[in-house]
Structures are given as C-alpha cells and as structure tokens.
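What follows draws every value from the coordinates through simple rules; no lab data is involved. This one's a predicted model, so the numbers in the text were calculated from it and none came from an experiment. Because the Cβ atoms are built from the backbone with ideal geometry, glycine has one as well, and the counts that use them run over all protein chains shown.
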Amino acid sequence: MTQTQREPDLSQWRTETREVTWALPGQGDFEALSKLDGLGQLQSIEQGLMPPPPVMSTIGMTHFHAERGTVTCGMRAETFHYNPLGGVHGGMISTLLDTAAGCSVHSTLAVGEGYTSLDLSVKFLRPVTVDSGLLACVGKVVSRGRRTALAEAQLFDENDRLLAHATSSCMIFGG
C-alpha cells in the first residue's frame, strides 16, 4: 500500500516567508583555486574571490573565518531553524559543527590534497532557541596525520555558554 504525501495547508496558520539566494557551485577561477593550499582556498571564499557553498546561504551561516588548523563560523538562531518541539533542529546545529570541524581540516591541506568526513559525533548539551542569539562555532584540528585527521568543534550562544560539541574523523587523499 502506498501513501501519497500532499503539501500541508498552511492557510489556517500565521506564516512567514524567507527568500534565499545563493551562488551556483562551479563558478570562479577553479584553475587558480587548484593551485592554492586548503587555507588559501578557504580564504578565497572568505574574501569573496570564490562564492561560498550554497549551504551557507540556505541556513544563514555567517562570520566565516579560517586560519591554519582552526575555523570559526556563526548563525543567528531563527524560527525557520526550528524542529516540531520549538528548538533549533539538531541538523542545523550539526551542520555548523560539521562545517567548523571539517573546514579546520581543510585549512591544513597541501596543494592537491582533498578530504572527506568519515564520521561526526555530536553531543547536544543545552537547548538552542531564538533566545540563544548569534551562535558561534569554533573548529580546530586535534590531530593531523598523512591520511587521517581528527577535529573537534564547539558551539556557543551569545552569552558564551557551550551548547554542543562534536568530533569528526576525516580521510585525507591526493597530494
């Protein structure tokens, strides 16, 4: 038996609308980008020389900054991030943590190297709501070898309270 899913009728509810604009992937000077190390690639996005990934626009990620071995990013907690229970969805929190941890590894890559996440382990420590304000996420490399790296990320609210923590293992390839 198959069940068809229909669009929910929101006419009886108070609603809001959000428009999202993003740059399509694959634009910019990829030949020049391929000659940069990982930190240079991230800094070219930070400086507006390359477009940011669409996910940043989709969820409203801001305050992206990369240094070798560490990355910070942020997001203002908004109601469009909410789950059915009235808090920021764990997937939104995990996206911030994954970005900070993964990009901290990216910042250590040599020219010609790439990476992919192998896992992400998240611990949610406090509820996150619009009252949490501007969220700040800090990722850093804990250990970097030739083929694997371990990174961690921490998410803080506007009052510098720790909201969530993650660890990520990444596989490094190429080079």
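Data table
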quantity: Residue range of the chain that is longest and free of GluC sites (Glu not before Pro) which are both DSSP loop and sparsely packed (at most 16 other C-beta within 10 Å); calculated: 79-157
quantity: Net charge over other residues, Cβ less than 14 angstrom from the Cβ of GLN43 (K, R count +1; D, E count -1); calculated: -1
quantity: Distance in nm between pseudo-label sites at ARG68 and ASP119 (7 Å out along the Cβ direction from Cα); calculated: 3.0
quantity: Alpha carbon centroid spacing (whole Å) that separates segment 155-175 from segment 45-104; calculated: 11
quantity: Segment 30-79: trypsin sites (Lys or Arg not before Pro) in DSSP loop, at most 15 other beta carbons within 10 Å; calculated: LYS35, ARG68
quantity: Alpha carbon convex hull of segment 57-133, volume per residue in cubic angstrom; calculated: 109
quantity: Relative contact order of segment 13-71, defined on C-alpha pairs under 8 angstrom at six or more residues apart (%); calculated: 38
quantity: Check: segment 34-175 dipole with +1 on Lys, Arg Cβ and -1 on Asp, Glu Cβ, in debye; calculated: 380
quantity: GNM flexibility winner over the chain from ALA136, ALA100, ALA23 (Cα, springs under 10 Å); calculated: ALA23
quantity: Simple spin-label estimate for SER11 and THR129 in nanometres, 7 Å along Cα-Cβ; calculated: 3.2
quantity: Structure-based [θ]222 nm, the chain - -39500 (n - 2.57) summed over DSSP H runs of at least 4, per residue, nearest 500; calculated: -6000 deg cm²/dmol
quantity: Alpha carbon Rg of the chain, scaled by the compact-globule rule 2.2 N^0.38 Å; calculated: 1.14
